[in-house]
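The values are calculated or read from the model by the stated rules, or taken from the named source; none is laboratory data. The structure displayed is predicted, hence computed values, not measured ones. Heads up, the Cβs are rebuilt from the backbone with ideal geometry, glycines too, and the neighbour counts pull from every protein chain shown. Surface areas here come from the heavy atoms of the whole protein model, side chains and all, with no ligands, DNA or RNA. Shrake-Rupley method; radii C 1.70, N 1.55, O 1.52, S 1.80 Å.
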Amino acid sequence: MGTNTGSKINQLLSSQPQGVVLLSSWMVRKGYSHDLQQRYKKSNWLKPIGTGAFIRNNDKVGYEGGIYALQEQNGLSIHPGGRTSLSMLGKAHYLELSASKVVLFGSNREKLPTWFKEYDWGVQVDYHGTSFLPPDLGLTEVELNNFSIKVSGAARAIMECLHLAPQKQDLMESFELMEGLNNLIPRQVQTLLENCQSIKVNRLFLYLAEKAGHSWFKHLDPKKVDLGKGKRSISKNGVFVDKYGITIPKELEEHGKSI
């Protein structure tokens, strides 16, 4: 390989941190043609992990390195959310969270690329494309070993849990997660609630926050939150909570009440 080509690959690799995926489309935009990428592959600089995606040869890349590429190189809003981001933020340490499954969220116009879905990250990937919240609202940066990625902040993450409830996220566990969120900032929570398009999420969030007795709850203004009209049955054969117009599991409603 010529000196110029060697210098060019060094510039490429030094521009991105260790442990991340390098997208072919991004490399083309940076001046690295498909032909050049194939030369790097033959020279054992780059290793393909699927169509349109490479990693450094001998590099160890987790799913987070794939998320980095989607966010930084492709400009997507796909991010760890729900229980996964709460765990990454240290908000779920008291729950037995399985490290073998990660929950990702993106907008309803975004799909996980085939290379991401088919590559063996060593974890099960559960992706949800939805726009019940604006894609850029309520995110925060989490520092990893060599790079950082955007994940859901605590308030957005619990809303994502409630979005999945009760079919894909247990409501009792959601309440236990909510109980640990005693330091949320009311102004940020209010903004999320006012921008949330899910009546179910808004009603459940306010119900669980009030039940948890958080001091920040009294600083919220539910009148500015869209709670819709009519009743919502979250759980069959459950208990009806008149204030929020929701039917929830009896176990949840009676939790913490003296007999």
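Backbone amide hydrogens, once placed in the peptide plane, bring L139 within less than 5 Å of G153, excluding anything fewer than 5 places away on its chain. For the stretch 1-138, the alpha carbon convex hull comes to 118 Å³ per residue, rounded to a whole number.
For the stretch 67-157, what class follows from the C-alpha gyration tensor (a ≥ b ≥ c being the square roots of its eigenvalues): rounded when a/c is under 1.5, otherwise prolate if a/b is larger than b/c, else oblate? Cα axes put the stretch 67-157 in the rounded bin.
Mind ranking 183-191, 25-33 by how tightly packed they are, going by the mean number of other C-beta atoms within 10 angstrom, highest first?
Per-residue Cβ counts within 10 Å, averaged per peptide and sorted highest first, yield 183-191, 25-33.
Distant-in-sequence amide contacts of L144, defined by a placed amide H-H separation under 5 Å and a gap of 5 or more residues or a different chain, comprise I149.
The count of lysine pairs in the stretch 121-259 that are at least 8 places apart or cross chains, and whose C-alpha atoms lie under 14 Å apart, stands at 10.
Under a 5 Å amide H cut-off, with hydrogens placed 1.01 Å from N, A53 pairs with S24 among residues at least 5 apart or on other chains. The alpha carbon gyration tensor of the stretch 164-251 gives principal lengths a ≥ b ≥ c with a/c of 1.5 or higher and a/b no greater than b/c, which makes the shape oblate. If both residues of a DSSP beta bridge must be in the chain, then about 65% of such bridges are antiparallel. Annotation: extensible slack from K223 through Q188 equals 11.0 nm (criterion: 0.36 nm per residue apart, minus Cα-Cα distance). Most tightly packed first, judged by the mean number of other beta-carbon atoms within 10 Å of their residues, the peptides 135-147, 197-209, 54-66 read 197-209, 54-66, 135-147.
Entry note: the chain has Rg to Rh equal to 1.08, where both radii use alpha-carbon atoms and Rh is the Kirkwood radius.
The share of accessible area on the chain that comes from carbon and sulfur is 45 percent, using a 1.4 angstrom probe.
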